[in-house]
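Below is one structure; the comments refer to it alone.
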Amino acid sequence: MSQNPPNLRPDLAPKPSFSEPVRPGQPTIGMVSLGCPKALVDSERILTRLRAEGYAISPDYKGADAVIVNTCGFLDSAKAESLEAIGEALTENGRVIVTGCLGAEPEYITGAHPRVLAVTGPHQYEAVLDAVHAVVPAKPDPFIDLLPASAVSLTPRHYSYLKISEGCNHKCKFCIIPDMRGLLQSRPAHAVLREAEKLVEAGVRELLVISQDTSAYGVDRKHDLSPWKGGEVRAHITDLARALGQLGGDNKPWVRLHYVYPYPHVRQLIPLMAEGLILPYLDIPFQHADPGVLRRMARPAAAAKTLDEIAAWRAVCPDITLRSTFIVGYPGETEAEFQTLLDWMDEAQLDRVGCFQYENVAGARSNALPDHVPDEVKQDRWDRFMAKAQAISEAKLEAKVGTTIQVIVDEVDAEGATCRTKSDAPEIDGNLYIDDGFETLSPGDIVTVTVEEAGEYDLWGRLV
């Protein structure tokens, strides 16, 4: 068991996990998946197609006939990490196909690594498959390699990401995601629900709903209707969340919403949380609280109104957990504006918080803003912000001591069981540890515990 590091980057997906055998002579493709959960879903879709064509999947470079590197281009540091991964794959394997967000800048990749075999952009699945076919021809066994019964999953068996849309209509000055992934493209509601239903039938106990802008789901489709279970369901996040919460019969999955912008209609989701249909958890990218900084970011600048919304959400669902990410050191950020953010944090009392230091990203409009903040000032503000967030987290977790709550088991080893509460998403939030009487537990079990101890980010408890 290992405790959560306090400086975990808040945009990362879990490390992919593989567990499939390879038959003799089967062509094998390695996969390196970097970046956020949305990129992980893209990797799963690519590998599902490849597996259906007879390819095996390798967790490393050495056993693979070629390697796909699914890159991240969100920050310059993420781009550097992607280039490093590509270089490592070239060194260890030599036959490398690059895809993902950084693939939207092919010259950037080939300038650093001219030996890559192909470069494709995000969610260009057919182009990736064509590149694989050219390098490693498929050798399907017609008795084995039919369309797989379930999609390839790169997460543990008991939870899965459910991508409901691609792209984003926002024009935040610090972000280039719309340039890389395009404008909002929502999936039909019935397609999302059918995928979710299959996941639940396959044993998934927790669905993590993701997109670039979850609360805008269906806007591009004019919230059209889809046939579902003898009726119709609207392509709207409220209707979709309600339908997801009704899956599974008596064995309902946890449904967790990520990347929810605080539009007014988000308040319609809160009663669903109070009813227990979806988890009382909202992941909302507030980014900052000072109106001037928010205007320079080209984001909604009504921080005071947001506090009113938070109070209204808590009035309807007192157990709601609020997670958010923030940027410190944005161009032009003054000490007074940063202090506004700290004061807002005191008021908002968010449960889970991640923070980035601002970075220039090639193509972002924020690069041209005046008065960039020195690195040492950004670091100082990050330290002060995280100290504030840590103190709030520690107090909130201490208040849980003595309470009885449900947790989902993620991992069991010789030392104990690593679990998560309804307030904790994989990788980015905290854990609850059980170190006594855990031997009969298995990943995916949902059990009741009494909280006995609290730390800065994690809890310890015993089975009831």
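No value in this document is a laboratory result; all are computed from the given coordinates. What you see is a predicted model; the values in this text were computed from it and never measured. Cβ atoms come from the backbone with ideal geometry, glycine included; neighbour counts cover every protein chain shown.
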- Message: Can you compute the modelled spin-label distance between Asp435 and Asp130, with each label point 7 Å from Cα toward Cβ, in nm?
- Response: 5.6 nm
- Under unit Cβ charges (Lys, Arg +1; Asp, Glu -1), what dipole magnitude, rounded to 20 debye, does the chain have relative to its Cα centre? 1560 debye
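Return the inverse of the average 1/r over all pairs of distinct C-alpha atoms in the range 389-464, which is the Kirkwood hydrodynamic radius, in Å to one decimal. Before the final figure, lay out each step's value.
Numbers: mean 1/r = 0.0821 Å⁻¹.
It is 12.2 Å.
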- Percent antiparallel among DSSP beta bridges with both residues in the chain, to the nearest 5? 40 percent
- Query: Per q in 0.24 1/Å, what log10 I(q)/I(0) does a Debye calculation on the alpha-carbon atoms of the range 347-405 return?
  - Reply: -1.00
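Taking the Cα centre of the range 316-464 as origin, work out the dipole magnitude from +1 charges on Lys and Arg Cβ and -1 charges on Asp and Glu Cβ, in debye rounded to 20.
On the way: 12 positive and 31 negative charges, 111 e Å.
With only Lys, Arg, Asp and Glu charged at Cβ, the dipole is about 540 debye.
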- Item | Backbone N within the range 161-180 under 19 Å of label point (7 Å from Lys198 Cα along the Cβ vector) | 161-166
- What percent does the relative contact order of the chain come to when contacts are Cα pairs within less than 8 Å and at least six residues apart? 12 percent
- Expected-Rg normalisation [2.2 N^0.38 Å, Cα atoms] applied to the range 321-464: 1.30
- Note on the structure: Hull volume per residue for the range 31-92, using the convex hull of the C-alpha atoms, in Å³ is 68 Å³
- Message: Taking the Kirkwood radius as the inverse of the mean 1/r across Cα pairs, report the Rg/Rh of the range 295-352.
- Response: 1.00
- Between Gln349 and Glu415, what length comes free when the chain is fully extended (0.36 nm per residue of separation minus the Cα-Cα distance, one decimal in nm)? 20.4 nm
- Hey, could you pull the Cα Rg and Dmax for the range 159-398, both in Å? 18.9, 60
- Message: Between the range 290-342 and the range 58-117, what is the separation of their alpha carbon centroids in Å?
- Response: 36 Å
- Note on the structure: Distance in nm between Lys62 and Thr334 label points, each 7 Å along Cα→Cβ, equals 5.9 nm
- Note on the structure: Placing +1 on each Lys and Arg Cβ and -1 on each Asp and Glu Cβ in the chain, then taking the dipole about the Cα centre, the residue among His288, His372, Leu207 whose Cα reaches farthest towards the positive end is Leu207
- Label-point separation, Leu307 to Ser77 (7 Å along Cα→Cβ), nm: 3.0 nm
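Rounded, prolate or oblate: which one fits the range 190-267, using the alpha carbon gyration tensor with axes a ≥ b ≥ c (rounded when a/c is under 1.5, else prolate when a/b beats b/c, else oblate)? Mind dumping the intermediate values first?
Details: a/c = 2.03, a/b = 1.32, b/c = 1.54.
In terms of gyration-tensor shape, oblate.
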- Message: As an exercise, identify the GluC sites (Glu not before Pro) in the range 354-437 lying in DSSP coil whose Cβ has no more than 11 other Cβ atoms within 10 Å.
- Response: Glu415
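Could you give the size of the charge dipole of the range 159-398 about its Cα centre, using +1 on the Cβ of each K and R and -1 on the Cβ of each D and E, expressed in debye and rounded to the nearest 20? Intermediate results must be reported in sequence, preceding the final value.
Numbers: 29 positive and 33 negative charges, 178 e Å.
Roughly 860 debye for the range 159-398.
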- What residues of the range 189-212 lie in the reach of a label at Ile446, counting those whose backbone N is under 17 Å from a point 7 Å from the Cα along Cα→Cβ? 196-209
- Whole-Å distance, taken between Cα centres, linking the range 424-464 and the range 172-246: 30 Å
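More than 28 Å apart: what percent of Cα pairs in the chain qualify?
Everything past 28 Å amounts to 54 percent.
For Glu394 and Asn360 in one chain, what is 0.36 nm times their gap in residues minus the Cα-Cα distance, to one decimal in nm?
Details: separation 34, 0.36 × 34 = 12.24 nm, distance 3.22 nm.
Answer, rounded to one decimal: 9.0 nm.
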- Within the chain, helix-based [θ] at 222 nm, where runs of 4 or more DSSP H residues each add -39,500 (n - 2.57), nearest 500: -9500 deg cm²/dmol
